[in-house]
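One structure is given here, and the rest of the page talks about it.
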Amino acid sequence: MSPGADGDLLKLSVGELKKQLFWCGSAVPAGHLEKADLVEAVRRAREEKADRDRKKAVAEEAQKKAQEQKEEEQRWQERKKAASRPAPRPLDYEQKQDKSSQDV
(Lines give C-alpha, C1' and ligand atoms only; values in the text may rest on other atoms or scores of the structure.)
Protein backbone atom coordinates (compact mmCIF):
# COMPACT_ATOMS: atom_id res chain seq x y z
CA MET A 1 0.00 0.00 0.00
CA SER A 2 1.36 3.46 -0.80
CA PRO A 3 2.17 6.09 1.84
CA GLY A 4 -0.63 8.25 0.45
CA ALA A 5 -3.15 5.54 1.23
CA ASP A 6 -1.98 5.45 4.86
CA GLY A 7 -2.39 9.23 4.92
CA ASP A 8 -5.95 8.80 3.68
CA LEU A 9 -6.57 6.33 6.49
CA LEU A 10 -5.29 8.84 9.02
CA LYS A 11 -8.00 11.25 7.86
CA LEU A 12 -10.76 8.79 8.78
CA SER A 13 -12.47 8.81 12.14
CA VAL A 14 -12.16 5.91 14.58
CA GLY A 15 -15.71 4.80 13.75
CA GLU A 16 -14.95 4.83 10.03
CA LEU A 17 -11.76 2.84 10.62
CA LYS A 18 -13.77 0.23 12.51
CA LYS A 19 -16.23 0.08 9.59
CA GLN A 20 -13.29 -0.44 7.22
CA LEU A 21 -12.14 -3.36 9.36
CA PHE A 22 -15.63 -4.83 9.26
CA TRP A 23 -15.90 -4.54 5.47
CA CYS A 24 -12.47 -6.15 5.07
CA GLY A 25 -13.76 -9.13 7.03
CA SER A 26 -11.56 -8.53 10.03
CA ALA A 27 -12.40 -8.08 13.71
CA VAL A 28 -11.58 -4.99 15.73
CA PRO A 29 -8.56 -5.79 17.89
CA ALA A 30 -9.30 -6.13 21.59
CA GLY A 31 -8.13 -3.72 24.24
CA HIS A 32 -7.47 -0.01 24.28
CA LEU A 33 -6.54 1.17 20.80
CA GLU A 34 -4.90 4.29 19.52
CA LYS A 35 -5.95 5.58 16.14
CA ALA A 36 -2.54 4.55 14.75
CA ASP A 37 -3.26 0.97 15.90
CA LEU A 38 -6.56 0.99 14.00
CA VAL A 39 -4.87 2.43 10.89
CA GLU A 40 -2.28 -0.37 11.02
CA ALA A 41 -5.03 -2.97 11.54
CA VAL A 42 -7.00 -1.63 8.54
CA ARG A 43 -3.85 -1.62 6.39
CA ARG A 44 -3.10 -5.24 7.36
CA ALA A 45 -6.74 -6.28 6.86
CA ARG A 46 -6.77 -4.73 3.37
CA GLU A 47 -3.59 -6.61 2.44
CA GLU A 48 -5.03 -9.88 3.75
CA LYS A 49 -8.28 -9.28 1.86
CA ALA A 50 -6.35 -8.56 -1.33
CA ASP A 51 -4.40 -11.82 -0.85
CA ARG A 52 -7.62 -13.78 -0.26
CA ASP A 53 -9.22 -12.22 -3.34
CA ARG A 54 -6.15 -13.03 -5.44
CA LYS A 55 -6.11 -16.65 -4.24
CA LYS A 56 -9.84 -16.96 -4.88
CA ALA A 57 -9.42 -15.58 -8.41
CA VAL A 58 -6.58 -18.03 -9.11
CA ALA A 59 -8.65 -20.94 -7.79
CA GLU A 60 -11.67 -19.90 -9.88
CA GLU A 61 -9.47 -19.57 -12.96
CA ALA A 62 -8.01 -23.04 -12.38
CA GLN A 63 -11.50 -24.47 -11.90
CA LYS A 64 -12.71 -22.76 -15.06
CA LYS A 65 -9.74 -24.09 -17.03
CA ALA A 66 -10.33 -27.61 -15.71
CA GLN A 67 -14.01 -27.39 -16.70
CA GLU A 68 -13.07 -26.20 -20.20
CA GLN A 69 -10.62 -29.10 -20.56
CA LYS A 70 -13.30 -31.54 -19.44
CA GLU A 71 -15.79 -30.11 -21.94
CA GLU A 72 -13.17 -30.23 -24.71
CA GLU A 73 -12.45 -33.88 -23.86
CA GLN A 74 -16.18 -34.64 -24.05
CA ARG A 75 -16.47 -32.90 -27.43
CA TRP A 76 -13.44 -34.82 -28.68
CA GLN A 77 -14.94 -38.11 -27.51
CA GLU A 78 -18.23 -37.28 -29.26
CA ARG A 79 -16.42 -36.42 -32.50
CA LYS A 80 -14.37 -39.58 -32.23
CA LYS A 81 -17.50 -41.65 -31.64
CA ALA A 82 -19.34 -40.01 -34.57
CA ALA A 83 -16.40 -40.48 -36.93
CA SER A 84 -15.63 -44.06 -35.97
CA ARG A 85 -15.80 -46.75 -38.60
CA PRO A 86 -18.57 -49.30 -38.54
CA ALA A 87 -17.78 -52.73 -37.22
CA PRO A 88 -16.32 -54.95 -39.97
CA ARG A 89 -18.53 -57.67 -41.36
CA PRO A 90 -17.15 -61.16 -41.80
CA LEU A 91 -16.21 -62.08 -45.32
CA ASP A 92 -18.53 -64.46 -47.11
CA TYR A 93 -16.54 -66.30 -49.74
CA GLU A 94 -19.57 -68.31 -50.80
CA GLN A 95 -21.44 -65.24 -51.95
CA LYS A 96 -21.81 -65.03 -55.72
CA GLN A 97 -21.96 -61.75 -57.55
CA ASP A 98 -24.22 -61.29 -60.51
CA LYS A 99 -22.10 -61.51 -63.66
CA SER A 100 -24.01 -58.72 -65.37
CA SER A 101 -22.98 -56.19 -62.73
CA GLN A 102 -19.38 -57.35 -62.70
CA ASP A 103 -16.86 -54.99 -64.28
CA VAL A 104 -13.81 -56.54 -65.87
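The values are calculated or read from the model by the stated rules, or taken from the named source; none is laboratory data. Since this is a predicted model, take the numbers as computed values, not measurements. Here Cβ is always computed from backbone atoms with ideal geometry, including for glycine, and neighbour counts include all displayed protein chains. For the accessible areas, the whole protein counts, side chains as well, though only heavy atoms, and no ligand, DNA or RNA atoms are used. Shrake-Rupley method; radii C 1.70, N 1.55, O 1.52, S 1.80 Å.
Results, tabulated for the structure shown:
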| item | result |
| --- | --- |
| Condition check for residue 62: farther than 18 Å from residue 12 by Cα and outside any loop (DSSP other than H, G, I, E, B) | yes |
| Condition broken by residue 39, with the remaining ones in (1) surrounded by 13 or more Cβ atoms within 10 Å (Cβ to Cβ); (2) among the β-branched types (Val, Ile, Thr); (3) farther than 30 Å from residue 13 by Cα satisfied | (3) |
| Count of residues meeting criterion [modelled with pLDDT of 95 or more and in contact with a helix residue (DSSP H, G or I) (Cβ under 6 Å, 6 or more places away or on another chain)] in region 42-86 | 0 |
| Residue within region 52-70 that is under 32 Å from the mean Cα position of the chain (by Cα), of a type in the set (S, T, N, Q) and open to solvent by 100 Å² or more (accessible area, probe 1.4 Å) present | yes |
| Residues of region 27-36 satisfying the condition of being at pLDDT 85 or above and open to solvent by less than 60 Å² (accessible area, probe 1.4 Å) | none |
